[in-house]
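Readers should treat all values here as calculations from the given coordinates under stated rules, not as data from a laboratory. As the structure is a computational prediction, the values presented were derived from the model and not from experiment. When we count neighbours, we look across all protein chains shown, and the Cβ atoms used for this are built from the backbone with ideal geometry, even at glycine.
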Amino acid sequence: MMRKTILLAVLTAAVPGYASAFSWRHDGAELKLSGYGSAGMIDADDRKPDFLGDWRIRGEGNYDAGGSRMGLVYAIDAQTVDSDEYIDDLFMFWQSRDYGRVELGMTESAAGKLGLGLPDVGAMRVNDNPLFYKKINPGGPVISDGIIDSGDQSLRLNMVTNPISGAQYGVSVATFAKGFDYALDAGAKFRRPAGKTKTAFSVAASFIDNPDDFSAEPYAPNLTAAWRAQGAVGVNVQYNSWMFGVNGRAIYDHDALSPASDGLSAGAGVSYDILNYSLSLSYILSSVGIWHDGDERYTDNTVIGSFRYKYSANVDGWTSIGVSSKTPFVAAGLRLTF
């Protein structure tokens, strides 16, 4: 029987949202700071409870010149610091009301930014290198994200259109790269936000040339190969207070010299909101080493349910319970958003 997890009320900083808690505007210039922090405890396989924390801070400065906007973004988060890096996002952007947005710097590709994740109300980071993999140590390598990932520590050019009849298109080129020669990414998102049932669909692809000790998956070996190709799809459907989502990602490494880190990732989830309460249930599959004879294969299935109670616009409490790699876990904590 798993021990009851202790709720911890120590909170720290932030994650970018559409609204910023701190902002300043003057004559077209704007400064914004946003983010979130969560802290709690996790008990895996009835072991001693362990601290569980996550945070992200994002700052942006921009200038509105009428029909266009230009600016600079810097962001840092817990997983970046865990990787001994201190830049998650550092890029300049130019955004046009008529055409779209251009970004230049260190950031996620357009294919990744247009991807669709699973519904989730907890704080286990289900859609972005989940925290439960970090804490329970799976029995083999896992693909930790159902959305395209071609790294964010390289100089990259992103170009994304404004919505065109409900569709957005984006392309990325990365070079002067850390861990590969160059990367090309493309993605599209199609949305129908009107009506009682709202839908979104995304599709993306990526090519990375000559990855050399390249790290994109924190829970799988670094990659050395001739090239890596990826494809991903995602679907979200919202009906009243219900949200349904599925996504999938395939990775293929050609002539890999490193241990297997490619394969399939897929997920499905549902969430429901009522007043200040939210519930979600997610299933995540990772299967590594399936494309190549002789590679050691590892498949992980994770099921996680989460509950959230929103105390206020900026503070909520959450608890999650699940099983991954045959290891049960329960976690709980508080989250501050600003």
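How big is the gap, in Å, between the Cα center of the stretch 270-308 and the Cα center of the stretch 85-132? Centre-to-centre (Cα) distance: 20 Å. Length gained on full extension, Tyr272 to Ala226, computed as 0.36 nm times the residue gap minus the Cα-Cα distance: 12.1 nm. Within the stretch 191-241, the trypsin sites (Lys or Arg not before Pro) that combine a DSSP coil assignment with at most 16 other C-beta atoms in a 10 angstrom radius are Lys196. Summary of packing: across the peptides 328-338, 49-59, the per-residue average of other C-beta atoms within 10 Å ranks them, highest first, as 328-338, 49-59.
Summary of packing: across the peptides 213-223, 265-275, 60-70, the per-residue average of other C-beta atoms within 10 Å ranks them, highest first, as 213-223, 265-275, 60-70.
Listed peptides 240-247, 154-161, 110-117 appear in the order 110-117, 154-161, 240-247 once ranked by packing, highest mean of other Cβ atoms within 10 Å at the front. Relative to its Kirkwood radius, the Cα radius of gyration of the stretch 226-338 gives an Rg/Rh of 1.09. The residues packed around Leu223, meaning those with a beta-carbon under 11 Å from its beta-carbon, carry a net charge of -4 if Lys and Arg are +1 and Asp and Glu are -1.
Looking at the stretch 132-196, which chymotrypsin sites (Phe, Trp or Tyr not before Pro) are in a loop (DSSP not H, G, I, E or B) and have at most 11 other Cβ atoms within 10 Å? Intermediate results must be reported in sequence, preceding the final value.
Details: sites: Phe132, Tyr133, Tyr169, Phe176, Phe180, Tyr182, Phe190; in loops: Phe176, Phe180.
Qualifying residues, ordered by number: Phe176.
Assuming R0 = 35 Å, can you tell me the calculated FRET efficiency for the pair Trp24 and Phe176, based on Cβ-Cβ distance, to the nearest 0.05? Given R0 = 35 Å and the Cβ-Cβ separation, E is 0.55. Seen from Gln168, the other residues with C-beta closer than 9 Å to its C-beta sum to a net charge of +2, counting Lys and Arg as +1 and Asp and Glu as -1. Computed with the Debye formula from one identical point scatterer per Cα of the chain, without solvent, the log10 of I(q)/I(0) at q = 0.11, 0.15 Å⁻¹ comes to -0.76, -1.47. Using only Cα coordinates, the Kirkwood hydrodynamic radius of the stretch 125-224 works out to 15.6 Å.
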